[in-house]
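The values are calculated or read from the model by the stated rules, or taken from the named source; none is laboratory data. Because the structure is predicted, anything quoted here is derived from the model rather than measured. All Cβ positions, glycine included, derive from the backbone under ideal geometry; neighbour counts span all protein chains shown. Accessible surface is based on the protein model in full, side chains and every heavy atom, while ligands, DNA and RNA are left aside. Shrake-Rupley method; radii C 1.70, N 1.55, O 1.52, S 1.80 Å.
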Amino acid sequence: MALQEERYNFRETEAKWQKAWAERECFKADTDPSKPKYYVLEMFPYPSGRLHMGHVRNYTLGDVVARYKKAKGFNVLHPMGWDAFGLPAENAALERGVHPGTWTRQNIDVMREQFKPLGLSLDWSREIASCEPSYYKHEQKMFLDLVKAGLAYRKESWVNWDPVEHTVLANEQVIDGKGWRSGANVEQRKLNQWFLKITHYADDLLTAIDVLDRWPDKVRLMQRNWIGRSEGARIFWPLVDASGTDRTEPLEVFTTRPDTLFGTSFCAIAAQHPLAAQLAQSDEGLADFIAQCARAGTSTAAVETVEKKGHDTGLRARHPFKPDWLVPVYVANFVLMDYGTGAIFGCPAHDQRDIEFARKYELPVRCVIAPANEDAEAYAETLEAGDEAFTGDGVTINSEFLDGLNVDEAQRRAIEKLEELGRGEGMVQFRLRDWGISRQRYWGCPIPIIHCKDCGPIAVPDKDLPVTLPEDVAFDKPGNPLEHHRTWKNVTCPACGKGALRETDTFDTFFESSWYFARFCSPHLEDKPFDKEEAMKWLPVDQYIGGVEHAILHLLYSRFFMHALSDCGYLDLKEPFDGMFTQGMVCHETYRAADGAWVEPSDVRKDDDKAFRLSDDAPVSVGRSEKMSKSKRNTVDPQRILETYGTDAARLFLLSDSPPDRDLEWTESGIEGAWRYLGRLWRLAVAAQSIPDGALPEKMDPAVLAVVRQVHRALATVGDDIEKFHFNSAVARVRELTNVVANLDRMQDGADAVFRFGIKTVAQLINPFMPHLAEEIWQRLGQKTILADASWPIFDPSMLEEDTMTIAVQVNGRLRGTITMASSTDRGACEAAALALPAVQKQLEGKTPRRVIVVPKKIVNIVAV
RNA sequence: GCGGGUGUGGCGGAACUGGUAGACGCGCCAGACUCAAAAUCUGGUUCCUUCUGGGAGUGGGGGUUCGAUUCCCUCCACCCGCACCA
């Protein structure tokens, strides 16, 4: 019988099952109250208009979890939406004259169509787009509630200004002194801005990190560092004029080292400190110095190389413990206004910056801490002569009532004393600063505030919400189109009825992403952002998946938001993401022509070790693998891959090649390998199809029974691997099982039935990874249910027990052979069998073993010598 | 500078609480089928070697142990985060 071999038609099969799933609404979040819930979420995409490999990887990872959890009997919520506000839409408007809204909505349509062939188990009925008034109107209300609760406020402050984007950036968005998107050097400007009081929750956000044990340690650490809790003291230093008269206002200083107070030799304030500005009015030199500081760059290089400089204000500060002790007060370039109080006391012996400053201005260096194991006097002498501060623990010296105490004790004692004297108090300082949310952009959610000359900033009344964006805007000049719009901002004051101006700033787009996961719980509610009960039912997100680039920004903002919304009564939840997984990037080799131009992978032909450009056969040099990016032109278009190999093959490769948290190198041969497996499994399934269905026979050849055992072992491990995110190992297990089943000797007793059973199990196990082919095999093997709805297969624990065991035999820790015997064999018999091995005897050369270690079922180690 | 991570064949990576290092895949080599190619199938593939065997081997060096990729010390390389935070 010469049948033409049928080839696996992924196009037909994938479309067929995607249709079937959609028709049956397999992935609609179920409401069956008897099942436990499981919320799987990948960070929602920005609708750039083109799907990239990173998306495919991200959503595939989530899909594995969603499908697996569904099979395990959970009510799975796995929604999708669009993080649709953002700058690229405005850039498109600028470059192509298309309205940002039109551009964005078109992109959403395009990307939705690109997502569909991936066969993701998404509940599309919950789709949301954050740029729609139906979404953002709720956040306008939220914002006004935050204002009422004192969690949002407006203040004039120095802000990070991106001169390219013409907008303000949050501290989190300034990387190395540059805008996170534009890369332009960020300038400092003083503007009126809205802030969210994330600092109110600094301690809560910090301590709750301990509970997030299903988050990557790296992310937890980054957040801890970002919040930056320091314990110390606030100290008041009475000030004395150059003329010798005491001023009324003392200088307030923050320190973490109150134990070093007796080593003080100066105080210093930031150039932006109000006192500096005040003094500069009558001190031209100081004014110059302040201007000079403002000009200095904030980039790494600038900060590293800049010399510690100061300007003596002429003021003197009284030491908190010894009022007659006066130290000079400087304005110094290394003191930051936005940390602590913007003022420090300098203790050169125990702070590296202070010693550099002291050397330059010839200020005293007084050692007050010496290492416990050193001769204090000699140590102090060396230290005071050198240029290196000592910052470690030790014993306090030259410090009156603090003498003899270690650093911890001395700090405690110093704070007690400050409090007794009313000269200061213990306090906790955070590095975290409030989140500035005003952006001078069009394509964002309008801030629902009206500015009235008489009444000040007034909330837009509920009945006037939402404040929607005007459609007729021009992008012909730099700056905010809302500001330039002729009529939009002209309104009447809701309080007094007089003419007033609308706030033209919009929210930072991280505002939208701070609560979208809650919106998914009741995505189409008109009057509320979400139903409290629904939100409480689904939240927290059980498994969140996204890139590590949001380790601080989005993940910290969202945590804060849930704390804040809970305090405003929206829900009762602290932490939004119970489990967090950060996936690695998708990388590809880079290619450059002789002239340095980047060459795309699709334009490269490889010949042995050499590579050439297809278009002109010019040699190209092969560079290291780097994150796929437009600039290096090393991207691979998912669309092309899906058309050539289908989504199952793409998914399988992405999942099997590297562990999900590591970077993955995309290779053509890798995807081809995955494709080959699909074909192979398909052929095996076709073969299995011709075997009649039925229970496994009683009588089986031992070799066949061993295969049944292997099946059960795979059943036991694959689920485990999936739960631990060891997807690459899970795939390896399934492929291993496939090999074992394929290699069955079909002539043996019971082999046919086991072969069929094996292939069916492979289909079930591989289902979360490549669901279309799995579904097809499932159907072909006569299953009436749909695999997407089927439950995860269970294994028979008795089948995991082997009746024989293979034990390694070592002589002096080196492998010399193995013995295979019945599992019930006792230690003595194992030892005897091991010693009987010819290879062992040869090694022993007639000597008697000194010792024999027998580890049951694992190893026999014979110690000779 | 501070903090964190990683390091295993030609390549991506496996290896449970210390117990047969290299699962699974890519690549490569050989063979089968074919007029041929593709596809597919079978076998091999850590390195060295005087090859029915022996030796080395998980970044380098040292230690603990009968036994170390796994634990400890130390050094090196690369990657990431933060950075004048008082």
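Stretch A:Tyr153-A:Arg412 to full length: gain in nm at 0.36 nm per residue minus the Cα-Cα span?
Taking A:Tyr153 through A:Arg412 to full extension adds about 89.7 nm, to one decimal.
Rounded to whole Hz and in sequence order, give me ³J(HN,Hα) for the stretch A:723-731 from the Karplus expression 6.51 cos²θ - 1.76 cosθ + 1.60, θ = phi - 60°, writing x for Gly and Pro.
Working through the residues one at a time gives 4, 8, 6, 8, 5, 4, 5, 4, 4 Hz.
Skipping prolines and chain starts, which residues have an amide H placed within reach, meaning under 5 Å, of the one on A:Val159, given they are 5 or more residues away or on another chain?
A:Arg189, A:Lys190, A:Leu191
Tell me, what % of the accessible area of the stretch A:415-464 is carbon and sulfur with a 1.4 angstrom probe? Kindly include the intermediate steps, with their values, before the conclusion.
On the way: 1030 of 2170 Å².
The computed percentage sits at 47.
Tabulate in residue order the Karplus-calculated ³J(HN,Hα) for the stretch A:253-259, using 6.51 cos²θ - 1.76 cosθ + 1.60 with θ = phi - 60°, rounded to whole Hz; enter x for Gly and Pro.
Values, residue by residue: 10, 10, 9, 9, 10, x, 5 Hz.
Using the per-residue mean of other Cβ atoms lying within 10 Å as a proxy for protection, in what order, highest first, do the peptides A:239-245, A:469-475 fall?
Packing order, densest peptide first, comes out as A:469-475, A:239-245.
Run the numbers on the stretch A:92-233 and let me know its relative contact order in percent, using alpha-carbon pairs under 8 Å that are six or more apart.
RCO, the stretch A:92-233: 16 percent.
At a 1.4 Å probe radius, carbon and sulfur cover how many percent of the accessible area of the stretch A:137-186?
The nonpolar share, carbon plus sulfur, comes to 51 percent.
I need two numbers for chain A: Rg to one decimal and Dmax as a whole number, Cα atoms only, in Å.
Considering chain A through its Cα atoms, Rg and Dmax are 34.5, 113 Å.
Considering only protein heavy atoms and a probe of 1.4 Å, how much of the accessible area of the stretch A:327-399 is carbon and sulfur, as a whole percent? Working shown, then result.
Numbers: 1580 of 3320 Å².
Result for the stretch A:327-399: 47 percent of the exposed heavy-atom area is carbon or sulfur.
On a straight-distance basis, which lysines could pair with A:Lys19 in a cross-link, Cα separation under 16 angstrom, same-chain partners fewer than 8 positions away excluded?
A:Lys28, A:Lys116
Students often forget the sequence filter, so: which lysines lie under 18 Å Cα-Cα from A:Lys35 once same-chain residues fewer than 8 apart are removed?
Within the straight-line limit of under 18 Å, A:Lys35 reaches these lysines: A:Lys69, A:Lys70, A:Lys72, A:Lys537.
Residue farthest toward the positive end of the dipole of the stretch A:701-756, with Cβ of Lys/Arg at +1 and Asp/Glu at -1: which of A:Ala753, A:Ile722, A:Thr738?
A:Ile722
How big is the charge dipole of chain A about its Cα centre, in debye rounded to the nearest 20, if each Lys and Arg gets +1 on its Cβ and each Asp and Glu gets -1 on its Cβ? Numbers along the way, then the final one.
Details: 104 positive and 127 negative charges, 414 e Å.
Using Cβ point charges on Lys, Arg, Asp and Glu, chain A gives about 1980 debye.
May I ask you to give the solvent-accessible area per residue for chain A, in square angstrom, as obtained with a 1.4 angstrom probe?
Working: 39490 Å² over 865 residues.
That works out to 46 Å² per residue.
Quick one: length gained pulling A:Lys630 to A:Ala208 fully straight, 0.36 nm per residue minus the C-alpha distance?
Details: separation 422, 0.36 × 422 = 151.92 nm, distance 3.86 nm.
My answer for the length gained is 148.1 nm.
Using r as the Cβ-Cβ distance of A:Glu307 and A:Asp217, and R0 as 41 Å, what FRET efficiency do you calculate, to the nearest 0.05?
Once the sixth-power term is evaluated, E becomes 0.60.
When the Karplus curve 6.51 cos²θ - 1.76 cosθ + 1.60 is applied with θ = phi - 60°, which whole-Hz ³J(HN,Hα) does each residue of the stretch A:233-250 get, with x for Gly and Pro?
9, 9, 10, 9, 10, x, 9, 10, 5, 4, 6, x, 8, 6, 8, 6, 8, x
Rounded to the nearest 20 Debye, what is the dipole magnitude of the stretch A:344-430 about its Cα centre when Lys and Arg each give +1 and Asp and Glu each give -1 at the C-beta? Write down the numbers at each step before the final one.
Values: 8 positive and 20 negative charges, 68 e Å.
Using Cβ point charges on Lys, Arg, Asp and Glu, the stretch A:344-430 gives about 320 debye.
Packing-wise, with mean Cβ within 10 Å as the measure, how do A:772-782, A:263-273 rank, highest first?
Packing proxy ranking, top to bottom: A:263-273, A:772-782.
When the chain is fully extended, how far beyond the present Cα-Cα distance does A:Ala22 get from A:Gln639, taking 0.36 nm per residue of separation?
220.0 nm
Per the helix-only calculation at 222 nm, which mean residue ellipticity applies to chain A, given -39500 (n - 2.57) for every DSSP H run of n ≥ 4 and division by its residues, nearest 500 deg cm²/dmol?
Estimated from H runs of four or more residues: -11000 deg cm²/dmol.
In percent, what relative contact order does chain A have, based on Cα pairs under 8 Å that are 6 or more apart in sequence? Walk me through the numbers on the way to the answer.
Values: 1582 pairs, mean separation 108.6, N = 865.
Value for chain A: 13 percent.
Which order do the peptides A:76-89, A:805-818, A:571-584 take when ranked by the mean count of other beta-carbon atoms within 10 Å per residue, highest first? Working shown, then result.
On the way: A:76-89: 23.7, A:805-818: 15.8, A:571-584: 19.4.
Output ranking for A:76-89, A:805-818, A:571-584: A:76-89, A:571-584, A:805-818.
What is the sum of charges, Lys and Arg at +1 and Asp and Glu at -1, for the other residues whose Cβ falls under 10 Å from the Cβ of A:Asp542?
Its environment carries a net charge of +2.
Under the definition of Cα pairs under 8 Å and six or more residues apart, what whole-number percent is the relative contact order of the stretch A:667-810?
Relative contact order here is 30 percent.
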